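Have a look at the structure below before the remarks.
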Amino acid sequence: MKTIAEQIKWDFESNGCLEIRNKNGRILYFEKPDGYWARWEYTSEDNPLYYEDSDGDITDYRPKPLEIEVTTTKTYKVGDSVECLTDDGWMDGGITDIDLSKRVLFVYIEDYDEIRKFTTNQIK
């Protein structure tokens, strides 16, 4: 996959580093001649939403899916510590609320610093 500078045939010697900014002056993309690049995304209020660079560093504040289907016969109560199957694998969490009519558990996932909704078969 080509970088933006490669795609537009940017001349680093003549033009220096490549920078793309939004209308508020926030940097959206940066690239140096050594191949290093970084990109940013912002909310409509210009708050940081996503960062990624060519070294593999990622900071992601984008909203995550909140619901995953699951079923089990275990009994749960608010405050229980559980492991939840997320898109990133099993993660530790704590039950904050339960909707018995839908067999849904609301679990605070520490790694995401947020509450997510799980059905019972994605909890152990």
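The values are calculated or read from the model by the stated rules, or taken from the named source; none is laboratory data. These figures come from a predicted structure and were not determined experimentally. Glycine gets a Cβ as well: all are built from the backbone with ideal geometry, and neighbour counts include every protein chain shown.
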Checklist entry - Is it the case that Trp10 is assigned to a loop (DSSP other than H, G, I, E, B) and surrounded by 12 or more Cβ atoms within 10 Å (Cβ to Cβ)? => result yes
Checklist outcome for this item: Of the candidates Leu18, Leu28, the one satisfying the condition of being surrounded by 12 or more Cβ atoms within 10 Å (Cβ to Cβ), touching a strand residue (DSSP E or B) at 6+ places or on another chain (Cβ under 9 Å), under 28 Å from Tyr112 (Cβ atoms) and free of Cβ contacts under 8 Å to residues at least 60 places away in the same chain is Leu28
Checklist entry - Hey, does segment 36-45 have a residue that's over 28 Å from Lys64 (Cβ atoms) and either of a type in the set (Val, Ile, Thr) or part of a strand (DSSP E or B) (or both)? => result no
Checklist entry - What is the residue count in segment 60-77 for residues that are in a loop (DSSP other than H, G, I, E, B), under 13 Å from Arg103 (Cα atoms), at pLDDT below 75 and in contact with a strand residue (DSSP E or B) (Cβ under 8 Å, 6 or more places away or on another chain)? => result 5
Checklist outcome for this item: Taking segment 90-123 and keeping residues surrounded by 12 or more Cβ atoms within 10 Å (Cβ to Cβ) and either on the phi > 0 side of the Ramachandran plot or of a type in the set (Lys, Arg) (or both) leaves Arg103, Arg116, Lys117
Checklist outcome for this item: For segment 78-89 the number of residues that are exposed (fewer than 11 other Cβ atoms within 10 Å of the Cβ) and either assigned to a loop (DSSP other than H, G, I, E, B) or touching a residue at least 12 places away in the same chain (Cβ under 8 Å) (or both) is 4
